[in-house]
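Read the structure below first, then the notes.
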Amino acid sequence: MTDHIGVLALQGAYQKHVKCLDALGAESRLVTRSDELPACSALIIPGGESTTMSLLMQEYSLFEPLKAFAETRPVMAICAGMILMADEIDDARVRPLGIIPYRALRNVYGSQLNSFTADIELCFDEEAYRAHFIRAPRFDQLSDDATIVATKDKDAVMVSYGRHLALSFHPELSDDARIHEYWLQQIIN
Ligand code: GLN
């Protein structure tokens, strides 16, 4: 089978993505090893802790395979995943995969206690979306080649680049399936 959506399961909030994909009728599989990637047509890198995920990626020899995967297949990256997708990060402990050209700023919106929900604007739907932000990162130095798909108070919070998507909030924590649905529509060919 080559049409599963992989969900990187090294650490963090991966299980809820499986449920979201299930609800939308998309088959998924958890990925912890590089030899599981060929069976995936796309991949979600979930939220979690980017410093830990970065170490685990190297420990599990996944860094280069993930970079190679993203050259031909779409990746949706959430929060810690968004940090890893960047080509530059404001924290030397996290090794950037360099998949989308921006600089990720970690923990810009405050500590765990400052996690919050807020309405954001989607470019593909008039109805606002209630987004969950948890120690959220911010996009900086975003390339003109990327497209801003959602904003909060005019700040980019979701960006597309080819068929890749990077988000600073957690769509899997919401009952609103529009974000996963949007990405699935973009990647069906
Ligand atoms: N602040 C976390 C980090 O730097 C990301 C938080 C999240 O994924 N919700 O990894």
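Brief remarks on what is shown
- All conditions but one from (1) within 19 Å of VAL75 (Cα to Cα); (2) assigned to a strand (DSSP E or B) apply to ARG95; the one that does not is (2).
- Count - residues of region 40-58 that are more than 13 Å from the ligand (Cβ to nearest atom) and small (Gly, Ala, Ser): 2
- Residue in region 16-25 that is surrounded by 14 or more Cβ atoms within 10 Å (Cβ to Cβ), of a type in the set (Lys, Arg) and either under 14 Å from the mean Cα position of the chain (by Cα) or over 14 Å from ILE188 (Cα atoms) (or both) present: yes
- Members of region 65-109 that are basic (Lys, Arg) and touching a strand residue (DSSP E or B) at 6+ places or on another chain (Cβ under 9 Å): ARG73, ARG95, ARG103, ARG106
- Tally, over region 12-48, of residues that are in contact with a Gly (Cβ under 6 Å, 6 or more places away or on another chain) and at positive phi: 2
- Any hit, region 11-20, residues being assigned to a strand (DSSP E or B) and in contact with a Pro (Cβ under 8 Å, 6 or more places away or on another chain): no
- Of all residues in region 98-110 being closer than 14 Å to PHE169 by Cα and assigned to a loop (DSSP other than H, G, I, E, B), the one that is farthest from the chain's Cα centre (by Cα): GLY110
- Scan region 10-30 for residues that are free of Cβ contacts under 8 Å to residues at least 24 places away in the same chain, within 16 Å of the ligand (Cβ to nearest atom) and hydrophobic (A, V, I, L, M, F, W, C) and the total you get is 0.
- Just one of the listed residues (ASP119, ASP87) is away from the ligand (no atom under 16 Å from the Cβ), within 16 Å of HIS170 (Cα to Cα) and assigned to a strand (DSSP E or B), and it is ASP119.
- Looking only at residues of region 82-121 that are aliphatic (A, V, I, L, M), farther than 18 Å from ILE44 by Cα and out of contact with any helix residue (DSSP H, G or I) (no Cβ under 7 Å at 6 or more places or on another chain), we find that the one that is modelled with the lowest pLDDT is LEU113.
- Within region 143-161, the residues that satisfy the criterion of being buried (at least 16 other Cβ atoms within 10 Å of the Cβ) and either touching a residue at least 40 places away in the same chain (Cβ under 8 Å) or in a loop (DSSP other than H, G, I, E, B) (or both) are ALA146, VAL159, TYR161.
- Single condition THR51 does not satisfy, out of (1) closer than 16 Å to ILE188 by Cα; (2) in contact (Cβ under 8 Å) with a residue 12 or more places away in the chain; (3) out of contact with any Gly (no Cβ under 7 Å at 6 or more places or on another chain): (1)
- Subset of region 59-84 (residues that are within 10 Å of the ligand (Cβ to nearest atom) and in a loop (DSSP other than H, G, I, E, B)): CYS79
The values are calculated or read from the model by the stated rules, or taken from the named source; none is laboratory data. These numbers were taken from a predicted model, which means no experiment stands behind them. Cβ coordinates were reconstructed from backbone atoms using ideal geometry, including for glycine residues, and neighbour counts include every protein chain displayed.
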